[in-house]
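Colleague: Sharing a structure here in structure tokens format.
Computed from the coordinates by the stated procedures, all read-outs in this text should not be read as laboratory data. Everything numeric here is computed off the predicted structure, so don't read it as measured data. Every residue, glycine among them, receives a Cβ derived from its backbone with ideal geometry; neighbour counts consider all protein chains shown.
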Amino acid sequence: MPIKTKVDKIIKSIGSISIQDFIELSNFDNEGFYNLNEKSKISKNGHFITSPEITPLYGYSLCKQFTDVYSNPSKVHLLELGPGNGTLTKDIFNYLNKQNITISRISFLEKSSYFKENIKKKLSYDINFLDHIKDLSINNDEILFIYSNEFFDAISSKQYVFSDKNFYEIRITKKNGEYTIIYEYTALSDYLKNFYSEYSFKNGDILEHSGILLNYLEDLNSILKKNFFFTATDYGYQKLPKKSTLRIISNHQPIKLFDKFENVDYSFGVNFELIKKVFNKFNPNFMSQKELIKNFLPEEFKNTTEESTLKAKKILSTDIFFDMGSSFNNISFFSK
Ligand SMILES: C[S@@+](CC[C@H](N)C(=O)[O-])C[C@H]1O[C@@H](n2cnc3c(N)ncnc32)[C@H](O)[C@@H]1O
């Protein structure tokens, strides 16, 4: 059933749908963006392109972050969150393999059946697919290397608007056959005011808050104890922007909400302040993607004159392509 029909059914039965449910349905329903079968989703010929799909140098830089902390690990368990095509893990596997580091297991948290099938066809390694982060089992002699690229920005969020000292939920409904946005009373208003008490809000400010993201972060927190290294890169911010960060992309082009319902990718700016707070005990390190490449690109690629390497470095670390250098940020932390 088309996404639009499903959205209409929900609106007809309960009057409106939350932004979070609308996006969850659009991204992950059977006919949703991430499950639709097509030739290519993340690539030059797909809908958008990501750092690992541009160059393996991105994955090599994450490896350098890891080996700076664990210079001689005996066995490494790789865990990627939202691997998409699986390219990043392929690059990381190749790089660590060349350093004679043993990869004991590869685990993926991937929700999309399309990507799962693609990965099984494309990667020749034995992959342990997880349904939940908490299902991960780690052996005592393994170091867990956990990483993600543009995973957290694909997690949907609710949106609220501040008005007369309270938050109201932004929801979608239909009036006279047209989709429209409405503001509804929410019992969460006091909780939100308390949760973001260090901020002051004025009428019209928008707050994005995702219970789904919080659950993922708490699940991660419960498995990360010792002998791990975590690194994640995403499009996002350190201070609440108090406006909508929703990005809607189809065929490499930004589109507007309700322009189109099928085969559209929705993502949100990631709240790095929240991630930092949840993992505060590990003293997270925060930097832009530009700094990540500057600080961690392995030596052998630093002084290259090879044209394609130079071009890839430039795309990852400057603002020439989707502001990749400055709007993409990296957070990393570990415990030994
Ligand atoms: C924007 S894509 C990035 C893919 C890949 N990391 C890359 O950089 O090319 C987001 C990925 O996260 C996966 N994903 C999003 N939400 C997820 C969730 N809740 N659980 C598991 N995977 C999820 C998607 O299926 C997709 O593979």
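Colleague: In whole Å, what three semi-axes, largest first, describe the equivalent ellipsoid of segment 8-167 built from its Cα gyration tensor (square root of 5 times each eigenvalue)?
Modeller: 34, 19, 16
Colleague: Related question: Report the Cα-based extents of segment 84-171 along its three principal axes, largest first, to the nearest Å.
Modeller: Largest first, segment 84-171 extends 61, 30, 23 Å along its Cα principal axes.
Colleague: I would also like to ask the following. Tabulate in residue order the Karplus-calculated ³J(HN,Hα) for segment 214-223, using 6.51 cos²θ - 1.76 cosθ + 1.60 with θ = phi - 60°, rounded to whole Hz; enter x for Gly and Pro.
Modeller: Here the 3J(HN,Hα) series is 4, 5, 4, 5, 5, 4, 4, 4, 6, 9 Hz.
Colleague: What are the extents of the Cα atoms of the chain along their three principal axes, listed from largest to smallest and rounded to whole Å?
Modeller: 64, 44, 40
Colleague: Let me ask something additional. Using the alpha carbon gyration tensor of segment 51-107, what are the three equivalent-ellipsoid semi-axes (square root of 5 times each eigenvalue), largest first, in whole Å?
Modeller: The equivalent ellipsoid of segment 51-107 has semi-axes of 18, 13, 9 Å.
Colleague: For segment 217-268, what is Rg from Cα atoms divided by 2.2 N^0.38 Å, rounded to two decimals?
Modeller: 1.65
Colleague: Kindly work out what percent of the DSSP beta bridges joining two residues of the chain are antiparallel, to the nearest 5.
Modeller: So the antiparallel bridges in the chain amount to around 55 percent.
Colleague: Equivalent ellipsoid semi-axes for segment 232-336, as square roots of 5 times the alpha carbon gyration tensor eigenvalues: give them largest first, rounded to whole Å. Don't skip to the answer; put the middle values down first.
Modeller: Values: eigenvalues 148, 106, 21 Å².
Working through the eigenvalues yields semi-axes of 27, 23, 10 Å.
Colleague: Let me ask you something else. So what J values fall out for segment 128-141 if you push phi through Karplus, 6.51 cos²θ - 1.76 cosθ + 1.60 with θ = phi - 60°, rounded to Hz, Gly and Pro as x?
Modeller: Once θ is set to phi - 60°, the couplings for segment 128-141 become 9, 7, 9, 8, 9, 4, 5, 6, 5, 10, 10, 7, 4, 8 Hz.
Colleague: Turning to a different aspect of this structure: If packing is taken as the average count of other Cβ atoms within 10 Å, what order do 197-206, 23-32, 213-222, 77-86 fall into, highest mean first? Before the final figure, lay out the partial values.
Modeller: On the way: 197-206: 11.9, 23-32: 19.0, 213-222: 16.1, 77-86: 24.1.
Highest to lowest by the protection proxy: 77-86, 23-32, 213-222, 197-206.
Colleague: Taking a threshold of 27 Å on the Cα-Cα distance, which of the pairs Lys120/Lys226; Lys116/Lys314; Lys98/Lys121; Lys6/Lys256; Lys44/Lys243; Lys165/Lys239 fall above it? Write down the numbers at each step before the final one.
Modeller: Values: Lys120/Lys226 30 Å; Lys116/Lys314 31 Å; Lys98/Lys121 24 Å; Lys6/Lys256 19 Å; Lys44/Lys243 30 Å; Lys165/Lys239 21 Å.
Result: Lys120/Lys226; Lys116/Lys314; Lys44/Lys243 exceed 27 Å.
Colleague: To continue, here is another question. Binning at 10 Å from 0, report for segment 126-190 what percent of all alpha-carbon pair distances ends up in each bin.
Modeller: Percent of pairs per bin, in order: 14, 27, 20, 19, 15, 4, 0.
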